Amino acid sequence: MDAIVIDTLEPLVAELRAGGYAVVGPVVRERVIRFEEITSADRLARGWTDVQEPGRYRLAEGDGEMVFSFAASPDSAKAYTQPPRQTLFRMRGEQIEEAEEDAPRVALLGLRACDLAAIAVQDRVFLGGRHPDPAYLRRRQALLLIAVNCAVPGGTCFCVSMHTGPRATTGFDLALTELAAPHRFVVETGSARGEPIAAALPHRPASAEDLAASAEVSRDAAEHMGRHVETEGIQERLSAHDSPRWAQVGARCLTCANCTMVCPTCFCSTVEDATSFTDGTAERIERWDSCFTLDFSEVNGTPVRGSNPGRYRQWLTHKFSTWIDQFGMSGCVGCGRCITWCPVGIDVTEELANLP
Amino acid sequence: MTGGPHPMTPAPYRVRSRRPDRADTVTLTLEPVRGDCPPFRPGQFTMLYAPGVGEIAVSISGRARSGGYTQTIRAVGAVSAALCGKRPGDVVGLRGPYGQGWGLRAAAGLDVVVAAGGLGLAPLRPVVRALLRDRPGYGRVSVIAGSRAPGLLLFRRDLACWARQGADVRVIVDHPDHTWRGPVGLVTGLIDRVVFEPRRTYAFVCGPEAMMRKTAAELVRRGVAPGRVELSLERNMKCAVARCGHCQFGPLFVCEDGPVLPYDRVAPMLAVAEL
């Protein structure tokens, strides 16, 4: 289906809800853009923008008309593709039953190109190996992905360096570009599932001017990236395991794991066990974990990576280098979340630039 | 694309027998509650789940006559202690077998040195048995095993049996007691005592990482090709299917790319602290 133009988002939200989707989109909560379920487009963070710098996030008033004038939220699609906690199985006596948790139909409205790239990375991790995860696949198939092309990159963004944005070119069901004067959205369809949804909206065909304006939004965004990473030779640079830089960044790093929690691709997990008091059923739960915790690498009571520099080096090296060896693609999509949400403002782009 | 069982779901296995090996170590024989035990290659491991307590990676130390796996477990933490406490008839969860096994085929026709430190003898036991089942298929077979103290030595009966079957079996301890008449020191101290033709030798090494590094370095110094020395690495494993991230070692997932890995591939990484 060719691109169309819609004037408001309310019919889209209504159409998605009528189609059985819970619509999850960007809203203002506790002075941060967060993703949560909405029942009306009125709830979206219209008129707000954000200021993002290393270790700093501030909400600010933007253009009153514009709905998507902000950069990455600390939330990403990861909470929906890989839930923070999920029950794996229950065992009672000699019976073991898979939990087979529900895969709710969710329409994620407002994903950015970097978020789509992150989903593609997670697909590779959970479906591309020798042991594909059927629960991940169920969740993934229940997700409808509605992208919004970035107009206002944040101060910590570097998707252009990672070749993941700012324009959504693949991996979406629908992609919107918000245009001003007059306020409207160009809607592109990226999948068979997106077609009937777009067709059901009150719309007109996109004109050549609409399409040119939409392309201009992405061109302009690409020129306003907050940060840059030189990816040429990055694996060689990250093979400098003995660089003094690791001790320097390790001295600043609190190993708080914030970066891994906001990262849309970090997939590490651990397991917890619980036993019911009433009938003795044992339950196994998988939850997000982080390579910054001490017990992450523990073998026979001793962590392999006991020092802060060792753990920071593991994270950065995995994300930008060994991930490529393992999965044939970088683990970083350039969303900048780890920089913004680091409490001491460690900037991965700066760390990478300072390696030999 | 995929409708099979979740890779993290174990199958129920019943403890058929339990044999204490040392004060802190037992060997369990495990049989599936339903169906057959999948085949395994020497050097592979399973994920053993103690209901309500947790799950750990345990190497397979052999196949019982009944068809079940024998798995040798040392009680070092909550999960291993719970597994060591299991009795015949108890049910545990088991996933696997997983991982790359020993390169038996690559060792065909060559002298073979099998070097074990402590509990490292467990994953080597099936490979020694495979070598001795096909005695003409290999050159000299030497088994060198180190133990902290004489009382901690594993599989004494197997060691005696392997000697009768034509292996040169030697044991060393580094904390002898008054009963000990054998050599004293580290496993590397036995390399000079066994006979092998370095340029036609394959080696399987398992034990604490420091022991493996020293043993591999010494074998290579003696002229064994680094690609013909295999080590079985130990890292934290939660999933065994390359999805939890815990066992990463540089670019490797030790659970899937290992645990058995050639020395030439891992030597540069073993030299990096905290990798």
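The values are calculated or read from the model by the stated rules, or taken from the named source; none is laboratory data. Since the model is a prediction, treat every value here as computed from it, not as a measurement. Glycine also receives a Cβ, built like all others from the backbone with ideal geometry; neighbour counts cover every protein chain displayed. Ligands, DNA and RNA are excluded from the accessible area calculation, which covers all protein heavy atoms including side chains. Shrake-Rupley method; radii C 1.70, N 1.55, O 1.52, S 1.80 Å.
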Protein accessible surface hidden between B and A, which excludes ligands and nucleic acids, total in Å², probe 1.4 Å: 4000
Averaged across the residues of B:89-98, what count of C-beta atoms belonging to other chains lies within 10 Å of each residue's C-beta? 2
Low-density loop positions, GluC sites (Glu not before Pro), the stretch A:1-62 - DSSP coil, at most 14 other Cβ in 10 Å: A:GLU30
At what distance in angstrom do the alpha carbon centres of the stretch A:48-112 and the stretch A:235-253 lie from each other? 31
Dipole in debye (nearest 20) - the stretch A:1-151, about Cα centre, beta carbon charges: Lys, Arg +1; Asp, Glu -1: 500
With unit charges on the beta carbon (Lys/Arg positive, Asp/Glu negative), name the residue among A:MET261, A:VAL229, A:ALA208 whose Cα is farthest towards the positive pole of the charge dipole of the stretch A:193-278. A:MET261
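What Kirkwood hydrodynamic radius, in Å, does the stretch B:6-108 give when the mean of 1/r is taken over all pairs of distinct Cα atoms and then inverted? Present the calculation step by step, with values, prior to reporting the outcome.
On the way: mean 1/r = 0.0726 Å⁻¹.
13.8 Å is the Kirkwood radius here.
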Interchain or long-range residues, amide H under 5 Å from A:VAL299's placed H: A:VAL304
Cα point-scatterer Debye curve for the protein assembly as shown, base-10 log of I(q)/I(0) at q = 0.05, 0.09 Å⁻¹: -0.28, -0.81
Treating each Cα of the stretch A:23-75 as an identical point scatterer and ignoring solvent, apply the Debye formula and state log10 I(q)/I(0) at q = 0.14, 0.22, 0.24 Å⁻¹. -0.32, -0.76, -0.90
Along each principal axis of its Cα atoms, how long is the stretch A:153-264 end to end? Whole angstroms, biggest number first, please. 59, 27, 25
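Summing Lys, Arg as +1 and Asp, Glu as -1, what charge do residues with Cβ under 9 Å from the Cβ of A:VAL23 carry, A:VAL23 excluded? Write down the numbers at each step before the final one.
Numbers: positive: A:ARG17; negative: A:GLU37.
Value of the local net charge: 0.
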Would you pull out the residues with amide H under 5 Å of A:ASP50's amide H, same chain only if 5 or more places away, H placed 1.01 Å from N? A:ALA60, A:ALA71
Using unit Cβ charges (K, R positive; D, E negative) and no other charged atoms, how large, in debye to the nearest 20, is the dipole of the protein assembly as shown about its Cα centre? 3620
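Per Stokes-Einstein, at 37 °C and 0.692 mPa s, what whole-number D in µm² s⁻¹ belongs to the stretch B:106-238, with the Kirkwood radius over Cα pairs as the hydrodynamic radius?
Working: Rh = 14.8 Å.
My calculation gives 222 µm²/s for D.
Using R₀ = 25 Å, calculate the FRET efficiency as 1/(1 + (r/R₀)^6) where r is the Cβ-Cβ separation of A:THR169 and A:ARG204; round to 0.05.
Numbers: r = 24 Å, r/R0 = 0.95.
Given R0 = 25 Å and the Cβ-Cβ separation, E is 0.60.
Heavy atoms only, probe 1.4 Å: what % of the accessible area of the stretch A:216-288 goes to carbon and sulfur, would you let me know?
Values: 1890 of 3650 Å².
Ligands and nucleic acids excluded, carbon and sulfur give 52 percent.
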When only C-alpha pairs under 8 Å and at least 6 residues apart count, what is the relative contact order of the stretch B:1-41, in percent? 33
Can you list residues from other chains, or at least 5 along the same chain, whose modelled amide H is less than 5 Å from the amide H of B:PHE249? B:VAL254
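From other protein chains only, count the Cβ atoms within 10 Å of every residue's Cβ in B:226-235, then give the mean.
Working: counts 0, 0, 0, 0, 0, 0, 0, 1, 3, 4.
What the average comes to for B:226-235 is 1.
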I'd like the per residue volume of the convex hull spanned by the Cα atoms of the stretch A:207-356, given in cubic angstrom. 196
For chain B, build the charge dipole from Cβ charges (+1 Lys, Arg; -1 Asp, Glu) around the Cα centre, then report which of B:GLY185, B:VAL173, B:GLY137 sits farthest towards its positive end. B:GLY137
Go from 0 up to the bin containing the longest alpha carbon distance in the stretch A:32-121, width 5 Å each, and give me the % of pairs per bin. 3, 10, 17, 18, 16, 12, 8, 6, 4, 3, 2, 1, 0
Counting Lys and Arg as +1 and Asp and Glu as -1, each charge on the Cβ, what is the dipole of chain A about the Cα centre in debye, to the nearest 20? 560
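Based on the Kirkwood radius over alpha-carbon pairs, what value in µm²/s does the Stokes-Einstein equation return for the translational diffusion coefficient of the stretch A:72-139 at 25 °C and 0.890 mPa s? All intermediate terms of the calculation are to be shown ahead of the outcome.
Working: Rh = 13.7 Å.
The Stokes-Einstein estimate is 179 µm²/s.
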Carbon/sulfur accessible area of chain B, % of total, 1.4 Å probe, equals 50
Cross-link reach from B:LYS238 to lysines, straight Cα distance under 27 Å and at least 8 residues apart if same chain, gives A:LYS78, A:LYS319, B:LYS86
Out of A:CYS150, A:VAL186, A:SER161 - ranked by how far each Cα lies towards the positive end of the dipole of the stretch A:147-228, with unit charges on the beta-carbon of charged residues - the top one is A:SER161
Span from the the stretch B:147-178 Cα centroid across to the the stretch B:1-68 one, whole angstrom: 26
Work out from phi, with θ = phi - 60° and the Karplus expression 6.51 cos²θ - 1.76 cosθ + 1.60, the ³J(HN,Hα) of each residue of the stretch B:44-54, listed in order in whole Hz, and give x for Gly and Pro. 7, 9, 10, 9, 9, 10, 8, x, x, 10, x
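Return a whole-number percent for the relative contact order of the stretch A:285-334, with Cα pairs under 8 Å and 6 or more residues apart as the contact set.
Relative CO of the stretch A:285-334 lands at 22 percent.
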Where GluC sites (Glu not before Pro) fall in DSSP loop in the stretch A:95-201, at most 14 other Cβ within 10 Å: A:GLU100, A:GLU101
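Apply the membrane-span-like helix rule to chain A: whole DSSP H runs, Cα extent along the own long axis of at least 30 Å, mean Kyte-Doolittle hydropathy at least 1.6. List the helices found.
Numbers: long enough: none.
TM-like helix candidates: nothing returned.
Ratio of alpha-carbon Rg to the 2.2 N^0.38 Å globular estimate for the stretch B:188-275, to two decimals, please. Numbers along the way, then the final one.
Values: Rg = 13.9 Å, N = 88, 2.2 N^0.38 = 12.1 Å.
Dividing the Cα Rg of the stretch B:188-275 by 2.2 N^0.38 Å gives 1.15.
Past the 24 angstrom mark, what percentage of all C-alpha to C-alpha distances in chain B do you count?
Details: 18335 of 37675 pairs.
For chain B, the share of Cα pairs beyond 24 Å comes to 49 percent.
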Simple label model, 7 Å out from Cα along Cβ direction - B:THR179 to B:ARG18, nm: 2.4
Vicinal HN-Hα couplings computed from phi for the stretch A:75-91 (Karplus, 6.51 cos²θ - 1.76 cosθ + 1.60; Hz; Gly/Pro x): 7, 9, 6, 4, 4, 9, 7, 10, x, x, 9, 8, 7, 8, 7, 10, 10
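Averaged over its residues, how many other protein chain Cβ atoms are within 10 Å of peptide B:244-255's Cβ atoms? Don't skip to the answer; put the middle values down first.
On the way: counts 8, 14, 11, 3, 11, 3, 9, 9, 3, 3, 0, 0.
Whole-number average of other-chain Cβ neighbours for B:244-255 is 6.
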Just grab the label-to-label distance for A:CYS256 and A:ASP63, each label 7 Å out from Cα along the Cβ direction, in nm (one decimal). 3.4
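Show that you can apply the helix-only estimate: for chain B, add -39,500 (n - 2.57) for every DSSP H stretch of four or more residues, divide by all residues, and state [θ] at 222 nm to the nearest 500. All intermediate terms of the calculation are to be shown ahead of the outcome.
Working: 6 runs with 54 residues, N = 275.
Calculated at 222 nm, the ellipticity per residue is -5500 deg cm²/dmol.
Obtain the radius of gyration and the Kirkwood radius of chain A from its C-alpha atoms and give Rg over Rh. Intermediate results must be reported in sequence, preceding the final value.
Working: Rg = 21.4 Å, Rh = 21.6 Å.
Reported Rg/Rh (Cα atoms, Kirkwood Rh): 0.99.
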Dimensions in Å of the stretch B:81-131 - Rg and Dmax from alpha carbons: 15.2, 43
Extension reserve of the A:GLU350-A:ALA181 stretch, reckoned as 0.36 nm per residue once the Cα distance is removed: 57.0 nm
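Tell me the per residue accessible area of chain A using a 1.4 Å probe; a whole number in Å² is fine. Mind dumping the intermediate values first?
Working: 14420 Å² over 356 residues.
Result: 40 Å² per residue.
Where does each of A:149-158, A:238-247 land if you order them by average Cβ count within 10 Å, highest first? Provide the component values of the computation, followed by the final result.
Values: A:149-158: 25.1, A:238-247: 15.9.
Per-residue Cβ counts within 10 Å, averaged per peptide and sorted highest first, yield A:149-158, A:238-247.
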